[in-house]
Amino acid sequence: MSIRVFERLNRMGIETTHEDRLMIDREIEARTGLYCDEGIKELTDEEFKEIINKVKKKKRVLVYA
């Protein structure tokens, strides 16, 4: 799990589970083509929020499916 992703989530005041953070890490790697600790540097706050919302939405769909 990425330490930088965890730190950025804390700075933004966004609470997530460990599972959410793992999925966020994978999404960052898929979007940037970089390891999540490096890829997080390439994302704006808006792009990062989009990833978070995508992960949370995907998780809700999985829970209710």
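The values are calculated or read from the model by the stated rules, or taken from the named source; none is laboratory data. It should be emphasised that the depicted structure is a prediction, and the values quoted were computed from it without experimental measurement. Glycine also receives a Cβ, built like all others from the backbone with ideal geometry; neighbour counts cover every protein chain displayed. In case anyone asks, the SASA skips ligands and DNA or RNA and just uses the protein heavy atoms, side chains included. Shrake-Rupley method; radii C 1.70, N 1.55, O 1.52, S 1.80 Å.
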Within segment 18-48, residues open to solvent by less than 60 Å² (accessible area, probe 1.4 Å) and touching a residue at least 40 places away in the same chain (Cβ under 8 Å) come out as Phe48
Before we move on, is Thr16 on the phi < 0 side of the Ramachandran plot and modelled with pLDDT under 95?
-> yes
Log entry, pairs with first residue in segment 6-17 being closer than 12 Å to Ile40 by Cβ, second being at pLDDT 95 or above and hydrophobic (A, V, I, L, M, F, W, C), beta carbons closer than 7 Å, six or more apart or on different chains, reads Arg8/Ile40; Arg8/Phe48
Give segment 15-65 a look and list any residue that's part of a helix (DSSP H, G or I), polar (S, T, N, Q) and over 9 Å from the mean Cα position of the chain (by Cα), or say none.
-> Thr32
Sort out which residues of segment 30-49 are out of contact with any helix residue (DSSP H, G or I) (no Cβ under 7 Å at 6 or more places or on another chain) and of a type in the set (Val, Ile, Thr), and write them in order of number.
-> Thr44
